[in-house]
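J.: Take this structure first; my questions come after.
Read the figures in this text as sums done on the coordinates, not as results from a lab. As the structure is a prediction and not an experimental result, all values here were calculated from the model. Here Cβ is always computed from backbone atoms with ideal geometry, including for glycine, and neighbour counts include all displayed protein chains.
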Amino acid sequence: MIRVALPAHLRTLARVDGDVQLEVEGQITQRSVLDALESRYPTLRGTIRDHVTQARRPFVRFFACQQDLSHELPDTPLPDAVATGTEPLFVVGAMAGG
Amino acid sequence: MSAIRLLVGTRKGAFVLTADGKRENWKVSGPHFAGWEIYHLKGSPVDPNWLYASQSSGWFGQQIQRSQDGGENWEPVGNGFVYDGVPGTHQWYDGTQHPWEFKRVWHLEPSLSDPDTIYAGAEDAALFRTTDGGKTWHELSGLRSAKGNLWQPGAGGMCLHTIVLDPTNPERIFVAISAAGAFRTDDAGKTWQPINQGLKSPYELPDPDAEVGHCVHRIAMHPSRPGVLFMQKHWDVMRSDNAGESWNEVSGDLPSDFGFPIDVHAHEPETIYVVPIKSDSEHFPPEGKLRVYRSRMGGNEWEALTRGLPQRDCYVNVLRDAMAVDSLDLCGIYFGTTGGQVYASADAGDTWNPVVRDLPAVLSVEVQTLP
């Protein structure tokens, strides 16, 4: 099972507590994990990625295993620790205040 | 006894304020959607317990929420605001063409006849419609054919913020867009025409009489006279007696004709309200005095309404969607400020009282008059 840690606002929107656990088929990538996440929680469509381009929203970041993976290509495999469910993929609202 | 429900959108959530017909004691519910910007929420005139809210965030984008029980419970509905076809381009700050990019919904206007049909005004400027209660949204893209390539964003963004439905003609809709102007359709949204003749913008446009490009802030209509429109432009208060075909200035003796909201008394179609703001660079009331101005003759001659409003050291703003009137016999009027106050008058503006004083900055105020 893949674990995804959502920021508080998206947990509220999806009506979940704690990490989300997802079954993901095939290679474990940003795209496949987010596809599974949005399929299970349709209300999250458009909140992490643009509806049309599927590009990451500007103030959303992806962290895992103490790395910032935000700028990785969406089909790059995620770290093994995420693929095995040992570590979560963090979806993070970027610091954007002042 | 009748009841009043105020729907207040703020920078950090939505609030629902309720009172009985006396409008003296208010109950505050909220924040709903705490931490999110609520640009607007509005109830269906067909079923007033059906409410729709525009919830947005710079981080996580746009949501539309719906309540079917007067705001007690909410559910997210659809948020797929996708421009029709190839989005095309509009004028950008540097003179180049820039593609349309969806940012947020500024205004929701429920249909007058169907609680599942709602219009949504978006930034970048476009009009969307749902006919399934918000699950799916479709752009009425003919609007952008009305010289959309010449529109360009103002300081507040290129937003479609005003949607006025003609209660006598379902085919006719008026919209207004910042730094683009006012537009009208007479075929339910298929085709649109600019309706800006008579607007003058000598300080904002190289051609002060341009067909598009005027910064319209708000349009109001009394439902009994859908051909008469009142407009608060960036500068100037305007009036049209022919459904926007032409406009005349009615700023008259206002201390400043800059401002954002404008509204019409529920029972007196010639009684209108504005909140003068000092200037486009000083978004606060002249002389630090918060004054609503009322004209009982459709403009030109105005009286200041001050009783109960701060008359010194007041430097808040009142945004375009933050004023509303109820339809009780003694018409109530309400407005919210960027300082977080919501003021209510139960006597058509003669006297005012704060309903709440310390909300987040108020973006919008709507009122429902309930049986």
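J.: I need a count of the residues in the range A:52-75 that are under 21 Å from residue A:8 (Cα atoms), more than 12 Å from the chain's Cα centre (by Cα) and either within 11 Å of chain B (Cβ to nearest Cβ) or β-branched (Val, Ile, Thr) (or both).
T.: Qualifying residue count, the range A:52-75: 2.
J.: Additional query: Can you tell me which of (1) among the aromatic types (Phe, Trp, Tyr); (2) touching a residue at least 40 places away in the same chain (Cβ under 8 Å); (3) out of contact with any Pro (no Cβ under 8 Å at 6 or more places or on another chain); (4) closer than 18 Å to residue A:12 by Cα is the one residue B:26 doesn't meet?
T.: (4)
J.: Restricting to the range B:32-60, and then to whatever is among the small types (Gly, Ala, Ser) and in contact (Cβ under 8 Å) with a residue 24 or more places away in the chain, can you tell me which residue is farthest from residue B:11 (Cα to Cα)?
T.: B:44
J.: Pairs only if they're at least six apart or on different chains, beta carbon under 6 angstrom, first in the range B:140-155 and at negative phi, second crowded, with 21+ Cβ neighbours inside 10 Å and of a type in the set (Ser, Thr, Tyr); list them, first residue then second.
T.: Once the first residue is at negative phi and sits in the range B:140-155, its partners that are crowded, with 21+ Cβ neighbours inside 10 Å and of a type in the set (Ser, Thr, Tyr) give B:154/B:178.
J.: Which residues, taken from the range B:90-111, are out of contact with any Ser or Thr (no Cβ under 8 Å at 6 or more places or on another chain) and loosely packed, with under 15 Cβ neighbours inside 10 Å?
T.: Once the filter is applied, which keeps residues that are out of contact with any Ser or Thr (no Cβ under 8 Å at 6 or more places or on another chain) and loosely packed, with under 15 Cβ neighbours inside 10 Å, the range B:90-111 yields B:92, B:93, B:94, B:95, B:96, B:101.
J.: Same structure, new question: With the structure loaded, tell me whether residue A:15 is closer than 22 Å to residue B:54 by Cα, loosely packed, with under 15 Cβ neighbours inside 10 Å and basic (Lys, Arg) or whether it fails that test. Let's see the steps before the verdict.
T.: Numbers: closer than 22 Å to residue B:54 by Cα: yes; loosely packed, with under 15 Cβ neighbours inside 10 Å: yes; basic (Lys, Arg): yes.
Considered against the rule, which asks whether it is closer than 22 Å to residue B:54 by Cα, loosely packed, with under 15 Cβ neighbours inside 10 Å and basic (Lys, Arg), residue A:15 comes out as yes.
J.: Moving to a separate point now. Name every residue in the range B:26-36 that is within 14 Å of chain A (Cβ to nearest Cβ) and on the phi < 0 side of the Ramachandran plot, in order of residue number.
T.: Of the residues in the range B:26-36, the ones within 14 Å of chain A (Cβ to nearest Cβ) are B:31-36.
Across the range B:26-36, the qualifying residues are B:31, B:32, B:34, B:36.
J.: Something else about it: Would you point out the residue of the range B:48-84, among those that are within 12 Å of residue B:115 (Cα to Cα) and under 21 Å from the mean Cα position of the chain (by Cα), that is surrounded by the most Cβ atoms within 10 Å (Cβ to Cβ)?
T.: In the first step, residues of the range B:48-84 are kept if they are within 12 Å of residue B:115 (Cα to Cα); the result is B:48-52, B:66-68.
Imposing the further condition that a residue be under 21 Å from the mean Cα position of the chain (by Cα) reduces the set to B:48-52, B:66-67.
Numbers: B:48: 16, B:49: 16, B:50: 20, B:51: 28, B:52: 26, B:66: 21, B:67: 21.
If we take residues in the range B:48-84 being within 12 Å of residue B:115 (Cα to Cα) and under 21 Å from the mean Cα position of the chain (by Cα), then B:51 is surrounded by the most Cβ atoms within 10 Å (Cβ to Cβ).
J.: Only one of these conditions is not met by residue B:39: (1) at positive phi; (2) assigned to a strand (DSSP E or B); (3) crowded, with 21+ Cβ neighbours inside 10 Å. Which number is it?
T.: Tallying (1) at positive phi; (2) assigned to a strand (DSSP E or B); (3) crowded, with 21+ Cβ neighbours inside 10 Å, residue B:39 fails exactly one: (1).
J.: Looking only at strands (runs of 3 or more DSSP E) that fall completely inside the range B:72-191, which ones have 3 or more residues that are away from chain A (no Cβ under 14 Å)?
T.: B:89-91, B:104-110, B:118-123, B:126-130, B:160-165, B:173-177, B:181-185
J.: Additional query: For residue A:49, which of the numbered conditions (1) of a type outside the set (Ser, Thr, Tyr); (2) buried (at least 18 other Cβ atoms within 10 Å of the Cβ); (3) over 13 Å from the mean Cα position of the chain (by Cα) fails to hold?
T.: The number of the failed condition is (3).
J.: From (1) buried (at least 17 other Cβ atoms within 10 Å of the Cβ); (2) of a type in the set (A, V, I, L, M, F, W, C); (3) farther than 24 Å from residue B:354 by Cα, pick out the condition that doesn't hold for residue B:292.
T.: All conditions are met except number (3).
Conditions tested, residue by residue: (1) within 30 Å of residue B:268 (Cβ to Cβ); (2) surrounded by fewer than 18 Cβ atoms within 10 Å (Cβ to Cβ).
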position: B:135; (1), (2): no, yes
position: B:171; (1), (2): yes, yes
position: B:189; (1), (2): no, no
position: B:203; (1), (2): no, yes
position: B:213; (1), (2): no, no
position: B:227; (1), (2): yes, yes
position: B:234; (1), (2): yes, no
position: B:238; (1), (2): yes, no
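J.: Are any residues in the range B:240-264 in a strand (DSSP E or B) and either surrounded by fewer than 22 Cβ atoms within 10 Å (Cβ to Cβ) or within 14 Å of the chain's Cα centre (by Cα) (or both), and if so, which ones?
T.: B:248, B:249, B:259, B:260, B:261, B:262, B:263, B:264
J.: State whether one or more residues within the range B:226-236 are over 19 Å from the mean Cα position of the chain (by Cα) and not hydroxyl-bearing (Ser, Thr, Tyr).
T.: Checked against the condition, which is being over 19 Å from the mean Cα position of the chain (by Cα) and not hydroxyl-bearing (Ser, Thr, Tyr), the range B:226-236 yields no hits at all.
J.: Tally the residues that are of a type outside the set (Lys, Arg), more than 10 Å from chain A (Cβ to nearest Cβ) and assigned to a strand (DSSP E or B), restricting the search to the range B:42-71.
T.: 8
J.: Restricting to the range B:215-225, give me the number of residues that are buried (at least 22 other Cβ atoms within 10 Å of the Cβ) and among the hydroxyl-bearing types (Ser, Thr, Tyr).
T.: 0
J.: Within the range A:28-46, count every residue that is away from chain B (no Cβ under 14 Å), charged (D, E, K, R) and more than 10 Å from the chain's Cα centre (by Cα).
T.: 1
J.: Please enumerate the residues belonging to the range B:137-169 that are surrounded by 22 or more Cβ atoms within 10 Å (Cβ to Cβ) and either hydroxyl-bearing (Ser, Thr, Tyr) or touching a helix residue (DSSP H, G or I) at 6+ places or on another chain (Cβ under 6 Å) (or both).
T.: B:162, the sole residue that qualifies.
J.: Which pairs turn up if I take residues in the range B:78-89 that are closer than 19 Å to residue B:61 by Cα and look for partners that are part of a loop (DSSP other than H, G, I, E, B) and of a type in the set (Lys, Arg) with beta carbon separation below 8 Å, at least 6 apart in sequence or on another chain?
T.: Pairs found: B:78/B:135; B:79/A:45; B:80/A:45.
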